[in-house]
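S.K.: Below: one structure in structure tokens.
The values are calculated or read from the model by the stated rules, or taken from the named source; none is laboratory data. Every value quoted in this text rests on a predicted model; they were computed, and no experiment measured them. As a convention, Cβ positions derive from the backbone with ideal geometry for all residues, glycine included, and neighbour counts pool all protein chains shown. Remember, those area values only see protein heavy atoms, side chains included, never the ligands or the DNA or RNA. Shrake-Rupley method; radii C 1.70, N 1.55, O 1.52, S 1.80 Å.
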Amino acid sequence: MTDLPRAVRQAMPLAREVAVEVAKPYGVCIRPVPLKRLDTHTGRWEIVDVPCGATLDAKCPSCAKRNRQLRRAQCREGWHLDHEPAITPDEPTDDQRWLVEFRADLQARRDQAASLGQDTADWDAAIEGLDVEINEAGMRGNVLGRTAPKRTRSTKRRQDAPNLPKRRMAATTLGRTFTSSDGKVYRPSLFVTLTLPSYGKVRDGVPADPETYDYRRAARDALHFSKLVDRFVQNLRRVAGYDVQYFATVEPQKRLAPHLHMAVRGTLARAEVKQIAAATYHQVWWPPADEVIFDGDHLPVWEDGVGYLDPDTGLVLPTWDEALDQLDADEAAKPLHMIRFGDQIDVKGVLAGTPDADQCIRYLSKYLTKSLSDSLDPDNPAQRDHAARMVEALRFEPCSPACPNWLRYGVQPKGAKPGMTPGRCCGKAHKPDHLGYAGRRVLVSRKWSNKTLAEHRQDRRTWVLEALGQPNETPDPHRYVWKPAPAGDANVAPLAIRLLRSVAERQRWRAHMAQLQAQADGQERSATEKAA
Ligand SMILES: [Zn+2]
Ligand SMILES: [Zn+2]
């Protein structure tokens, strides 16, 4: 590319932008990942663009849109199921295998970047996104097979079960049905919205008085929100007496707190759901983090083979496990944090196939592609200030046992290593895009529709091909070997060219589909004419 005349080089970025604008209406991925693919049938290597949405935590608008459509299909499929989903043992699918191989490649690239002293943040983010995909594809744990031995906590620290009615568990994931006098069977389901409590009066999405608004509580609630959702599901199942399935999304409220929309299969009395939400809480049994012990220049120092020491006394700080042991031994210890829902709970009965159900499904996927901070109006100084205060409150909150912020409170983070500085954790939860909530935005229970997103993708392909009377052969899973295309690979064409190529392919495919459709229509017509 450096051989090109300067004027051409300068024109390149413009061409790229034009290509992006051309590609968007075609739903073509505008941030494709180039991969090298060996076709073992022909022995040829080729460069193939994989849509960013197939691999990473997609943000490209085309992939985001497709992802949203798939999520809607997934939500619709499970909500009003009238038969038990068949759960088969988790054989790793080819999709998973591909993801795992791809992850290994990314890891290699990341390590290479690290050894060259380059910034690895992008690689880390990509790998993290892939781990989520792999987990979603149904594999347990992370690819490296690291499974930490589970800590046995003293009984006193167990989460108490809240005071709720408990029904006998029936081995079903389906809800009750009701038969009307004319013999029609109804299968009602629920749409539940749960919010966090108030942290102070809010006007137009911003605190009326930022000085008294409880930012610390807001920060801790956001950090532990997903645990509270887990508890709610446990309690819901206990009270409902069957294996309740759900499809839920976590969305931002204007005041920047996460809240939850949940499609629940089957039904309970509205009052009962409200009672469950009110009784649900989660205690965070972490070491205390309210008293600052090390701050500014006065920070623990690392010593190889020993760990972090108090800079004044030279004493070794308690490790994460030691700190938890101390907590267990202390009769008077209190949890670091206790999280509950607020009283704004909304429970709605929904019937399958009604416009109401469709509206809820659209609602569930509405904010999927936005980050928690996207509801922010950048021109509103009060909102900007509110977001900045929230980020500041999160800055020194420990986001996980491994968070460097523990040093500030005199505890060695889990897996402590040199170079950790409080206030400089690179965990997602601290980032302005996440505002404390680093969990997944879509939560789908295992027996919802018994299908992963990849299977839904495959379904759509099958559906289209079948509708057109085309054979849907299963491709040979071992046909291709994938490798990353190294940065600067001369065989990878400039992005603008690759995008325009995808657009051309899409146009060809659409024309082909239209042609097949016309043929199918023609055959049908002649068949009807013959029959007549
Ligand atoms: Zn994309
Ligand atoms: Zn952190």
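S.K.: Among the numbered conditions (1) at pLDDT 85 or above; (2) open to solvent by 80 Å² or more (accessible area, probe 1.4 Å); (3) among the β-branched types (Val, Ile, Thr), tell me where THR88 comes up short.
M.R.: (1)
S.K.: Considering only the range 24-53, how many residues are more than 21 Å from ALA496 (Cβ to Cβ) and among the basic types (Lys, Arg)?
M.R.: 2
Per-residue answers, yes or no, for (1) polar (S, T, N, Q); (2) farther than 26 Å from HIS434 by Cα:
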site	(1), (2)
GLN275	yes, yes
ASP290	no, no
ASP321	no, yes
LEU327	no, yes
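Conditions tested, residue by residue: (1) without any contact (Cβ under 8 Å) to a residue 60 or more places away in the chain; (2) surrounded by fewer than 23 Cβ atoms within 10 Å (Cβ to Cβ); (3) under 30 Å from ASP82 (Cβ atoms).
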{"site": "GLN253", "(1), (2), (3)": "no, yes, no"}
{"site": "ALA257", "(1), (2), (3)": "no, no, no"}
{"site": "LEU260", "(1), (2), (3)": "no, yes, yes"}
{"site": "ARG265", "(1), (2), (3)": "no, no, yes"}
{"site": "ALA279", "(1), (2), (3)": "no, yes, no"}
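S.K.: When you check ALA438 against the structure, is it open to solvent by 60 Å² or more (accessible area, probe 1.4 Å), among the small types (Gly, Ala, Ser), modelled with pLDDT of 65 or more and in a loop (DSSP other than H, G, I, E, B), yes or no?
M.R.: When the stated conditions are applied, ALA438 does not pass them.
S.K.: Scan the range 176-232 for residues that are open to solvent by less than 20 Å² (accessible area, probe 1.4 Å), out of contact with any helix residue (DSSP H, G or I) (no Cβ under 6 Å at 6 or more places or on another chain) and more than 30 Å from CYS399 (Cα to Cα) and jot them down.
M.R.: If the condition is that a residue be open to solvent by less than 20 Å² (accessible area, probe 1.4 Å), out of contact with any helix residue (DSSP H, G or I) (no Cβ under 6 Å at 6 or more places or on another chain) and more than 30 Å from CYS399 (Cα to Cα), then LEU190 is the only one that fits.
S.K.: Any idea which of ARG440, ARG408 is more than 10 Å from ligand 2 (Cβ to nearest atom) and closer than 25 Å to CYS75 by Cβ?
M.R.: From the options ARG440, ARG408, the qualifying one is ARG440.
S.K.: Now for a different question. When you scan the range 416-435, do you find a residue that is within 13 Å of ligand 2 (Cβ to nearest atom), open to solvent by 40 Å² or more (accessible area, probe 1.4 Å) and of a type in the set (A, V, I, L, M), even just one?
M.R.: no
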